[in-house]
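The values are calculated or read from the model by the stated rules, or taken from the named source; none is laboratory data. Note that this is a predicted model, so its numbers are computed, not measured. Cβ placement follows ideal geometry from the backbone for every residue including glycine, while neighbour counts extend to all protein chains displayed.
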Amino acid sequence: GQQLNQSPQSMFIQEGEDVSMNCTSSSIFNTWLWYKQEPGEGPVLLIALYKAGELTSNGRLTAQFGITRKDSFLNISASIPSDVGIYFCAGLRGGSNYKLTFGKGTLLTVNP
Amino acid sequence: DVKVTQSSRYLVKRTGEKVFLECVQDMDHENMFWYRQDPGLGLRLIYFSYDVKMKEKGDIPEGYSVSREKKERFSLILESASTNQTSMYLCASSLSRVKYFGPGTRLTVT
């Protein structure tokens, strides 16, 4: 199936730093979702984006739906050790409520 | 809060065994999904169901079947487990565009 290009693959940062990751595609999506997965657990929804240009925050997390509808980014401000995990983007194309396309994830490590 | 639960967190089965993975959601969602997650391959859709007794193949249905007799429950069946089915299995449910995942079942086939 189609994949989203998610970058970076991994990040090693110091506590307190800001983090940015993004997903791009050659296809248009009508929904972008960002999930976080911790070791041995299922993905947990962080932010859902439904319209081009939409900017949504959830605490220290901010995500944007790209104007072209082919990309999205996630920012984490003032990182803390519990931010450690794998962050996934996922996109849903028009006409389907079923088939979500996932990025391969960004592994975030935060050094205290 | 949406709750998706999976019957087992860890499972070890032998090659050739029939394996049942159960998933239950408590939000009256119509759509339910089974994914497997493998390092380097990401999440891949096995099967999904958009209503009771309705099912559709995902991207990698070979070696699997599913059952949805009740709206809240979606079962994944490995008819004859093989070692290449060792993986993390994730169930999800959705009403519209947003999917909510369960905690996962780590299946090892020896």
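Restricting to the range A:1-30, what's the tally of residues that are of a type in the set (Ser, Thr, Tyr) and more than 12 Å from the chain's Cα centre (by Cα)? Quick ask: steps written out before the conclusion?
From the range A:1-30, those of a type in the set (Ser, Thr, Tyr) are A:7, A:10, A:20, A:24-27; that's our starting set.
After this cut, where a residue has to be more than 12 Å from the chain's Cα centre (by Cα) as well, the list is A:10, A:25-27.
Number of matching residues: 4.
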Residue list for the range A:53-104, filter: farther than 25 Å from A:PRO39 by Cβ and of a type in the set (A, V, I, L, M)
A:LEU55, A:ILE67, A:LEU92
Exception for A:PHE73 within (1) more than 30 Å from B:LYS57 (Cβ to Cβ); (2) within 14 Å of chain B (Cβ to nearest Cβ); (3) among the aromatic types (Phe, Trp, Tyr) falls at (2)
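Go through the range B:18-32 and give me each residue that's in a loop (DSSP other than H, G, I, E, B), away from chain A (no Cβ under 14 Å) and surrounded by 12 or more Cβ atoms within 10 Å (Cβ to Cβ). Steps first, please.
Keep residues of the range B:18-32 that are in a loop (DSSP other than H, G, I, E, B), which gives B:18, B:26-30.
Adding the requirement that they be away from chain A (no Cβ under 14 Å) leaves B:18, B:26, B:28.
Within the range B:18-32, B:ASP26 is the sole residue that qualifies.
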Leading residue by the ranking (nearest to B:GLY102 (Cα to Cα)) among those in the range B:64-82 that are out of contact with any Asp or Glu (no Cβ under 7 Å at 6 or more places or on another chain) and buried (at least 19 other Cβ atoms within 10 Å of the Cβ)
B:PHE74
Please determine whether any residue of the range B:81-94 is outside any loop (DSSP other than H, G, I, E, B), touching a His at 6+ places or on another chain (Cβ under 7 Å) and closer than 24 Å to A:LEU46 by Cβ.
yes
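Return yes or no: is A:LYS36 assigned to a loop (DSSP other than H, G, I, E, B) and basic (Lys, Arg)?
Numbers: assigned to a loop (DSSP other than H, G, I, E, B): no; basic (Lys, Arg): yes.
Judged against the criteria, A:LYS36 is not a match.
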Please enumerate the residues belonging to the range B:33-57 that are at pLDDT below 95, more than 10 Å from every other protein chain (Cβ to nearest Cβ) and part of a strand (DSSP E or B).
B:ASP38, B:ASP51, B:MET54, B:LYS55, B:LYS57
In the range A:22-46, residue farthest from the other protein chains (Cβ to nearest Cβ) [restricted to those that are among the aliphatic types (A, V, I, L, M) and closer than 30 Å to B:TYR10 by Cβ]
A:LEU46
